[in-house]
Amino acid sequence: MNGKIIILAGGKGTRMDADIPKVLVEVSEEPMIEHLLRVIEDKPMVVVGFQSEKVKDQLGDRVEYVLQKEQLGTGHAVACAQNQLRSFEGPIVVLYGDHPLVSKGTIDKLFKLYHESKANVSMLTTELSDFDDWREGFHSFGRIIREGNNIVAIREMKDSSEEEKNIKEVNPGYYCFDSQWLWENIDKLRNENNQNEYYLTDLVELAVAQNDFIPSFKVEAKECLGVNTKEQLKLIEKFLEK
């Protein structure tokens, strides 16, 4: 892989009536984060928070850990890893522990995109025909804002205009950052949004403001499915069975 992977795994399983970390909720009789770890070759760094000891008991020494004491958003979660990764130079890929369908091939492509482009920020997107049927969950994903072919912003759905909500290209949250650029810019994030959180997505706008090009490629929608509800859990189990 020639890089580092950060997995965000600090959230609760509240909407699934689970009083355990969300990443430990079982999908096809196995904690969902295990499905992701199976396709990662090198030792990733896992950002833990809610009931962190339970996650550590499950994963043991297969991963490295960093603690996010407060749930202040995805940007804050990645910032928590800064001290431990400060000496690393190269690409850092950020993934989510509640997205169990991402493939090894997709992760490899994201690292390859970095090595070919040397861009400070690169990412994956997915494009949908509509938000109906099993694609309904994507309606809450951030919208990809482009000017021509260039990505210029990612707008969180709750912060989107009515026109932007109609955009069918969405953000699954899979990024690759140049480590030096990431740590130089992560502290510039602000929480001036409806959720009062530090969004990792805002790093894209920071890169654009610095006249950086954001290379991307589209991945199959099913690889981007996350688990936030019992219904989404059942949907992902169906895909795993296939």
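The values are calculated or read from the model by the stated rules, or taken from the named source; none is laboratory data. Quick caveat, the model's predicted, so the values are computed rather than measured. Quick reminder, even Gly has a Cβ in these numbers, built from the backbone with ideal geometry, and neighbours come from all protein chains shown.
Key figures for this structure:
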item	result
Region 186-198, residues that are in a loop (DSSP other than H, G, I, E, B), under 17 Å from the mean Cα position of the chain (by Cα) and closer than 21 Å to I151 by Cα	L189, Y198
Residue in region 75-94 that is among the hydroxyl-bearing types (S, T, Y) and exposed (fewer than 15 other Cβ atoms within 10 Å of the Cβ) present	yes
Residue that is surrounded by the fewest Cβ atoms within 10 Å (Cβ to Cβ) [pool: residues in region 129-185 that are over 20 Å from the mean Cα position of the chain (by Cα) and of a type in the set (G, A, S)]	G148
All helices (runs of 4 or more DSSP H) inside region 1-99 with 1 or more residues being of a type in the set (K, R) and free of Cβ contacts under 8 Å to residues at least 12 places away in the same chain	52-59
Filter result for A119 (in contact with an Asp or Glu (Cβ under 9 Å, 6 or more places away or on another chain) and assigned to a loop (DSSP other than H, G, I, E, B))	yes
Residue, surrounded by the most Cβ atoms within 10 Å (Cβ to Cβ), within region 5-29, restricted to residues that are among the charged types (D, E, K, R) and touching a Lys or Arg at 6+ places or on another chain (Cβ under 9 Å)	K22
Any pair with Cβ under 9 angstrom, 6 or more apart, that starts in region 226-242 at a residue that is farther than 17 Å from G97 by Cα and ends at one that is among the acidic types (D, E) and part of a helix (DSSP H, G or I)	E231/E136
Odd one out for F131, checked against (1) farther than 27 Å from L72 by Cβ; (2) not in a loop (DSSP other than H, G, I, E, B)	(2)
From V170, V94, residue being within 25 Å of Y65 (Cα to Cα) and modelled with pLDDT of 95 or more	V94
All positions within region 93-116 that are more than 12 Å from the chain's Cα centre (by Cα) and either under 20 Å from A9 (Cβ atoms) or among the polar types (S, T, N, Q) (or both)	L101, S103, K104, T106, L110
Residue list for region 125-140, restricted to those being of a type outside the set (S, T, Y) and touching a residue at least 40 places away in the same chain (Cβ under 8 Å)	E127, L128, W134, R135, G137, F138
Options Q51, Q68, Q82: the member that is touching a Cys at 6+ places or on another chain (Cβ under 7 Å) and under 27 Å from Q195 (Cβ atoms)	Q68
Checking F213 against (1) at pLDDT 90 or above; (2) in a loop (DSSP other than H, G, I, E, B); (3) under 18 Å from the mean Cα position of the chain (by Cα), the condition it does not meet	(3)
